[in-house]
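The values are calculated or read from the model by the stated rules, or taken from the named source; none is laboratory data. This structure is a prediction, so every number in the text was calculated from the model and none was measured. With ideal geometry, Cβ positions are generated from the backbone for all residues, glycine too; neighbour counts draw on all protein chains shown.
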Amino acid sequence: MLRLHSLLVAILGLTLILAVALRPSSATGQTAAPQAIEIKVDNFTFSPAVVTVPENSTVTWTNKDDVPHVIASTDGVFRSKGLDTDDHYSFQFTKPGTYTYYCSIHPKMTGKIVVP
Amino acid sequence: MKDIKQFVSTASGTIEQDHNQDGIDRRGFLKCMAWAGSGALCVVEAGVLKSTALGAQLGSMKKAGASHQLSFVQISDSHMGFSKPANPDVVATLKAAVTKINALPDPPDFILHTGDITHLSTPEQFDTVEQILKSTNKEVFFVPGEHDVLNDDGAMFRDRYGRNSKGAGWYSFNQNGIHFIGLVNVMNLKAGGLGNLGTEQLSWLEDDLRSVKHSTPIVVFAHIPLWTVYPQWGWGTDDGALALSYLKKFGSVTVLNGHIHQTMQKVEGKVTFHTACSTAFPQPAPGQAEGPGPMKVPADQLRKVLGITDVNYLQRRRALALVDSSLE
């Protein structure tokens with residue numbers, strides 16, 4: 001009896017382990033893995049201006065203009081320092097949402113990151 | 001918007017005019033000379049652009065009995081720290097502007113700098129400009145450009161230049177019968193918008209003007225144009241019209257701005273709007289390029305499209321004369 005009981009406990013344990021191990025993959029089975037996205041800041045525009053990225057993706061902006069730009073989300077979630085020519089700024093999007101942003105010194109420049 | 005005439009001076013010397021056929025007497029309302037080596041002279045008399053002549057004419061006007069009471073120079077957009085092909089040596093061109101100022105036949109009483117002192121708001125860049133401008137031996141009044149408030153909401157700027165200022169760095173002072181107002185329109189900019197003064201500054205302005213006689217000439221200076229030059233490139237101020245509405249009751253208002261790195265002038269009623277050249281690099285005329293960034297011109301042409309603005313107040317004529325001159 002004791003042997004059978006041990007075996008049952010072992011099987012139950014293994015099942016639990018397997019269930020735990022498999023859970024994340026089944027939960028994220030339809031979601032793409034995090035990506036590294038590049039956005040070019042050139043000629044006073046963000047390109048691409050609208051980007052949809054999976055959760056936990058990192059977006060990197062690179063300034064290709066001869067003047068500095070500041071990447072700032074409209075609701076204060078992220079804000080870079082002044083980026084001189086060829087400077088980069090990266091932010092990881094860990095929560096779903098729609099993040100509108102702009103250049104805080106050239107506010108006509110606007111863009112959007114969508115995390116479904 | 002009635003009663004509008006616009007004069008656009010370009011480096012090539014052409015003039016565009018937009019006449020309103022509204023029957024308002026335009027006697028004596030002539031034209032503004034464009035860049036022509038020695039510069040342009042636009043005389044603003046009782047708020048109206050009265051006559052035009054090249055540089056030397058100012059001297060003859062004074063001889064004709066118009067007593068000079070005050071003169072000052074506007075410089076703008078020195079962008080200390082910029083080193084791209086449009087001007088690899090902004091130190092040299094700022095020094096050339098200082099040489100030009102020191103050589104003026106009628107030495108200015110002080111200097112106004114309408115912002116973008118630095119390119120990247122670093123202490124070293126502020127220091128360099130301070131050192132270079134020292135050799136004018138003149139007091140300099142500053143307002144910040146967006147490049148001067150990059151990383152600290154303008155704290156460093158105000159620490160250096162805003163000792164007697166309010167809010168984000170705005171202030172006013174009286175000099176020889178003229179009321180000067182320095183405004184800040186480069187802070188708290190809204191996504192998709194233009195320059196911004198904000199409600200706190202606007203109510204301060206309204207209050208500040210309450211004690212000023214309507215006959216007192218007013219000079220307003222700020223970095224981004226207070227009038228809408230070209231909104232597609234952000235060349236204007238969202239709540240600029242509200243500020244200007246407080247100035248309507250005054251007989252003579254001169255609005256001096258920078259930011260667009262080229263001279264432009266417009267007269268609207270008794271308000272004259274004028275933008276100064278940069279001492280660092282030119283920018284394209286509105287819509288004449290894909291974007292408003294630094295414009296590369298042949299090296300031997302650069303100093304022809306950089307410059308200073310000399311302003312003379314002729315009290316007996318109640319006139320402010322604006323003289324734009326290039327660095328070469």
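Remarks
- Taken together, the criteria exclude B:Trp204 from residues that are under 19 Å from B:Thr118 (Cα atoms), more than 14 Å from chain A (Cβ to nearest Cβ) and surrounded by 19 or more Cβ atoms within 10 Å (Cβ to Cβ).
- Qualifying positions in region B:267-312 - within 17 Å of B:Val73 (Cβ to Cβ) and of a type in the set (Gly, Ala, Ser): B:Ala276, B:Ser278, B:Ala280, B:Gly307
- Scanning region B:169-198 for residues that are more than 14 Å from every other protein chain (Cβ to nearest Cβ), touching a Pro at 6+ places or on another chain (Cβ under 9 Å) and free of Cβ contacts under 8 Å to residues at least 60 places away in the same chain yields B:Gly169, B:His179.
- Residue count, region B:294-320 (criterion: of a type in the set (Gly, Ala, Ser), farther than 15 Å from B:Thr263 by Cα and in contact (Cβ under 8 Å) with a residue 24 or more places away in the chain): 1
- Among the conditions (1) over 14 Å from the mean Cα position of the chain (by Cα); (2) within 11 Å of chain B (Cβ to nearest Cβ), A:Thr62 misses just one, which is (2).
- Scope region B:127-156; condition surrounded by fewer than 22 Cβ atoms within 10 Å (Cβ to Cβ), part of a helix (DSSP H, G or I) and in contact with a Phe, Trp or Tyr (Cβ under 8 Å, 6 or more places away or on another chain); matching residues: B:Met156
- Residue within region B:281-299 that is within 14 Å of chain A (Cβ to nearest Cβ) and within 22 Å of B:Thr99 (Cα to Cα) present: yes
- Selection status of B:Leu104, away from chain A (no Cβ under 14 Å), at pLDDT below 95, surrounded by fewer than 21 Cβ atoms within 10 Å (Cβ to Cβ) and not in a loop (DSSP other than H, G, I, E, B): no
- Some residue of region B:157-164 being away from chain A (no Cβ under 14 Å), outside any loop (DSSP other than H, G, I, E, B), without any contact (Cβ under 8 Å) to a residue 60 or more places away in the chain and polar (S, T, N, Q): no
- Residues in region B:224-236 that are buried (at least 24 other Cβ atoms within 10 Å of the Cβ), within 19 Å of B:Phe180 (Cα to Cα) and more than 11 Å from chain A (Cβ to nearest Cβ): B:Pro225, B:Leu226.
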